[in-house]
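**Student:** Take a look at the following structure, please.
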Amino acid sequence: MSGPILTVEYSRVRADTQAMVELLDCEDMLIQTMEDVSPTKWHLAHTSWFWETFLLQEMLTGYRVYDPTYNFLFNSYYNAIGDRHPRGQRGFLSRPGLEAVLAYRHHVDAAMMTLLGGLDEAEQARLEPVVRLGLAHEQQHQELILTDIKHVLSHHPFAPAAWPALAGDTMSDGEPGASWVAFDGGVFEFGAEGLPFQFDNEGPRHQAVLTPFALADRPVTNGEYAAFIQDDGYRTPSLWLSDGWAALNAEGWQAPLYWRRDGAGWREFTLHGEDTPHPDAPVVHLSFYEAAAYAEWAGARLPEEREWEYAARQAAGTDGRFAVPGQAAHPGVSAPQDGRLRQMYGGVWEWTRSDYAPYPRYRPAPGAVGEYNGKFMSGQYVLRGGSCATAAGHVRPTYRNFFPPRARWQFSGLRLAKDI
């Protein structure tokens with residue numbers, strides 16, 4: 001990636017972030033509704049802090065730090081960088097105001113243009129991995145902007161829309177039951193190696209054994225999940241892992257996050273306001289525990305992450321729905337594809353039953369950026385595939401997302417697997 005291309009890519013990603021918030025009110029961007037949710041204003045500042053901290057301070061001669069207090073306010077979890085404001089209190093930060101945060105972004109952007117425009121060939125080669133990491137980091141926060149503002153607006157009594165509705169998916173006479181796509185077992189290679197960019201947790205490349213298995217050709221739909229609810233799925237403890245049953249009772253789960261009863265049916269809060277769940281669209285906003293309980297009820301299981309990766313390498317096309325800056329994010333319906341896998345990318349993140357753990361011979365990257373992924377390899381599960389809130393081009397077969405099993409505010413769903 002040459003200097004001019006780096007500049008273009010940087011400008012595009014930063015502009016996408018800005019486009020995502022143009023229709024939000026200032027007041028929307030200040031609210032934090034739970035510890036996992038950060039205010040939009042904080043995301044705008046943190047992504048600028050990342051560029052300032054990991055590139056500009058070290059590489060741009062004469063760079064002026066915008067405000068020394070921002071290193072405390074907008075550091076997320078990098079212990080090597082220093083102390084930070086508590087995550088659960090980001091919504092307390094009325095200052096700096098939005099205007100100051102936007103000025104911070106402009107300050108960082110101008111400095112990045114100077115830095116990227118003045119690199120010689122050797123400097124480009126040295127900085128490119130950090131620039132690519134910064135671009136991927138900002139795209140991850142674009143997704144978090146959407147998931148977090150959805151949680152914020154869902155607490156409003158009148159279910160306001162952040163963006164206009166997308167073009168409607170055609171209602172059908174009923175999605176046919178999922179078909180199964182079979183895969184032979186064997187010894188295969190997994191993980192990324194030598195890509196233009198990859199996160200450190202995607203490697204090293206290694207071998208593992210798979211026994212024969214099958215995946216459903218599509219994710220589980222709203223209509224199918226409604227049948228699980230109707231069949232007392234949330235009141236049948238034998239379907240649930242013990243920790244999941246405890247979470248269900250502690251938190252009062254009765255349906256996916258953002259669903260509510262409306263007479264005999266359901267309504268769902270979306271980024272374009274409240275709507276009826278499309279019966280053929282992927283069900284979304286499930287915890288790992290809900291996904292595992294549904295799989296048990298369906299007589300199947302969740303896939304291992306290596307099963308998912310092996311199958312995804314052979315899937316044709318990307319018929320899922322990805323984020324479009326300035327538009328609402330919501331999973332869409334895809335047409336059957338003659339026994340082929342569909343919606344492997346985009347739509348919903350798909351829970352796997354794999355613990356988020358290091359691959360063989362994994363070592364975190366040196367320095368503070370080594371805290372990016374490795375230190376979270378405990379108590380979380382892997383999700384694959386990307387969602388309707390993920391930037392197009394951001395995911396690949398080896399991409400490993402991860403969240404705690406109770407997490408529901410992400411655009412997370414499931415695809416069934418079984419042994420054959």
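No lab work stands behind these numbers, since they all come straight from the coordinates. Quick caveat: nothing in here was measured; it's all calculated off a predicted structure. So basically every Cβ, Gly included, is an ideal-geometry build from the backbone, and we count neighbours across all protein chains shown.
**Student:** Alpha carbon centre of the range 1-55 versus the range 259-300: separation in Å?
**Tutor:** The distance from the Cα centre of the range 1-55 to that of the range 259-300 comes to 30 Å.
**Student:** Of the peptides 215-228, 266-279, how do they stack up when ordered by the mean number of other Cβ atoms within 10 Å, highest first?
**Tutor:** Values: 215-228: 22.1, 266-279: 18.9.
Output ranking for 215-228, 266-279: 215-228, 266-279.
**Student:** Sticking with this one: So what is the relative contact order for the range 156-278, in percent, with contacts set as C-alpha pairs under 8 Å and at least six apart? Numbers along the way, then the final one.
**Tutor:** Working: 117 pairs, mean separation 37.4, N = 123.
Averaging sequence separation for qualifying contacts and normalising by length gives 30 percent for the range 156-278.
**Student:** Please give the length that would be gained between Glu121 and Glu251 if that part of the chain were fully extended, namely 0.36 nm times their separation in residues minus their C-alpha to C-alpha distance (nm, one decimal).
**Tutor:** Values: separation 130, 0.36 × 130 = 46.80 nm, distance 5.50 nm.
Computed gain between Glu121 and Glu251 is 41.3 nm.
**Student:** Roughly how many nanometres apart are two label points built 7 Å out from the Cα toward the Cβ at Ala368 and Ile5?
**Tutor:** 2.9
**Student:** Separate question: Starting from the Cα-Cα distance between Phe92 and Asp355, subtract it from 0.36 nm times their residue separation and give me the gain in nm to one decimal.
**Tutor:** Values: separation 263, 0.36 × 263 = 94.68 nm, distance 3.38 nm.
91.3 nm is the gain from fully extending Phe92 to Asp355.
**Student:** Checking the cross-link filter: which lysines have an alpha carbon closer than 27 Å to that of Lys41, excluding same-chain neighbours under 8 positions apart?
**Tutor:** Lys150, Lys375
**Student:** Same structure again: Which of Val284, Pro160, Leu56 sits closest to the plus end of the dipole of the chain, meaning its Cα is farthest towards the positive end, when Lys and Arg get +1 and Asp and Glu get -1 on the C-beta?
**Tutor:** Value: Leu56.
**Student:** To continue, here is another question. Assuming R0 = 30 Å, can you tell me the calculated FRET efficiency for the pair Ala335 and Arg396, based on Cβ-Cβ distance, to the nearest 0.05? Before the final figure, lay out each step's value.
**Tutor:** Values: r = 24 Å, r/R0 = 0.80.
About 0.80, to the nearest 0.05.
**Student:** If you don't mind, there's one more thing I want to ask. Once you have all Cα-Cα distances for the chain, histogram them in 20 Å bins from zero and send the whole-percent values.
**Tutor:** Bins of 20 Å from zero give 25, 58, 17, 0 percent of pairs.
**Student:** Sticking with this structure for a sec: Find the eigenvalues of the gyration tensor of the Cα atoms of the range 278-420, then list the square roots of 5 times those eigenvalues as equivalent ellipsoid semi-axes, largest first, in whole angstrom.
**Tutor:** Numbers: eigenvalues 116, 69, 49 Å².
In descending order, the three semi-axes are 24, 19, 16 Å.
**Student:** Note down the relative contact order for the range 268-349 as a percent, whole number, built from C-alpha pairs under 8 angstrom at least six residues apart.
**Tutor:** Numbers: 72 pairs, mean separation 26.8, N = 82.
Worked out over the range 268-349, it gives 33 percent.
**Student:** If all Cα-Cα distances of the range 3-154 are sorted into 5 Å bins from 0 onward, what percent lands in each bin, rounded to whole numbers?
**Tutor:** Over the range 3-154, the share of Cα pairs per 5 Å bin runs 1, 9, 19, 22, 21, 14, 8, 4, 1, 0 percent.
**Student:** Which order, highest average first, do 35-46, 94-105 follow once you tally other Cβ atoms within 10 Å for each residue and take the mean per peptide? Please report the intermediate quantities before stating the final value.
**Tutor:** Working: 35-46: 22.8, 94-105: 15.1.
In descending order of packing, they fall as 35-46, 94-105.
**Student:** For the pair His206 and Glu22, how long in nm is the line joining their label points, each one 7 Å along Cα→Cβ?
**Tutor:** 4.5
**Student:** Please report Asp28, Asp338, Asp148 as a ranked list, fewest other C-beta atoms within 10 angstrom at the top and most at the bottom. If you can, show how the numbers build up before the last one.
**Tutor:** Working: Asp28 18, Asp338 6, Asp148 25.
Ordered by Cβ neighbours within 10 Å, fewest first: Asp338, Asp28, Asp148.
**Student:** At a 10 angstrom cut-off on C-beta neighbours, averaged per residue, how do the peptides 14-21, 357-364, 384-391 rank from highest to lowest?
**Tutor:** Numbers: 14-21: 18.4, 357-364: 13.5, 384-391: 26.8.
Going by the mean number of other Cβ atoms within 10 Å, highest first, we get 384-391, 14-21, 357-364.
**Student:** Hey, got the dipole for the chain? About the Cα centre, +1 on K and R Cβ, -1 on D and E Cβ, debye to the nearest 20? Walk me through the numbers before you get to the answer.
**Tutor:** Numbers: 35 positive and 52 negative charges, 109 e Å.
Roughly 520 debye for the chain.
**Student:** Between rounded, prolate and oblate, where does the range 117-266 land on the alpha carbon gyration tensor, with a ≥ b ≥ c its root eigenvalues, rounded for a/c under 1.5, else prolate if a/b exceeds b/c?
**Tutor:** On the way: a/c = 2.13, a/b = 1.40, b/c = 1.52.
In terms of gyration-tensor shape, oblate.
**Student:** For the range 284-420, what is the relative contact order in percent, using Cα pairs closer than 8 Å and at least 6 residues apart in sequence? Kindly include the intermediate steps, with their values, before the conclusion.
**Tutor:** Numbers: 260 pairs, mean separation 51.5, N = 137.
This gives 38 percent for the range 284-420.
**Student:** Whole angstrom only: what separates the Cα centroid of the range 192-246 from the Cα centroid of the range 348-407?
**Tutor:** 13
**Student:** Report the normalised scattering of the range 180-419 as log10 I(q)/I(0) at q = 0.11, 0.13, 0.15 Å⁻¹, calculated by the Debye formula with identical scatterers on the alpha carbons.
**Tutor:** Those come out to -0.56, -0.80, -1.06, one per q.
**Student:** Kindly state, as a whole number, the per residue volume in cubic angstrom of the convex hull around the alpha carbon atoms of the range 218-294.
**Tutor:** Working: hull volume 7.3 nm³, N = 77.
Per residue, the Cα convex hull of the range 218-294 comes to 95 Å³.
**Student:** Neighbouring Cβ atoms within 10 Å as the yardstick, rank Glu189, Glu202, Glu304, Glu290 fewest first.
**Tutor:** Numbers: Glu189 13, Glu202 22, Glu304 18, Glu290 31.
In increasing order of surrounding Cβ atoms, one gets Glu189, Glu304, Glu202, Glu290.
**Student:** Here's a follow-up. So between Val187 and His85, what do we pick up on full extension, going 0.36 nm a residue minus the alpha carbon distance?
**Tutor:** Numbers: separation 102, 0.36 × 102 = 36.72 nm, distance 4.67 nm.
Length gained between Val187 and His85: 32.0 nm.
**Student:** Dividing the convex hull volume of the alpha carbon atoms of the range 290-368 by its residue count, what do you get in Å³ per residue? Kindly include the intermediate steps, with their values, before the conclusion.
**Tutor:** Numbers: hull volume 14.6 nm³, N = 79.
Cα-based convex hull of the range 290-368, divided per residue, equals 185 Å³.
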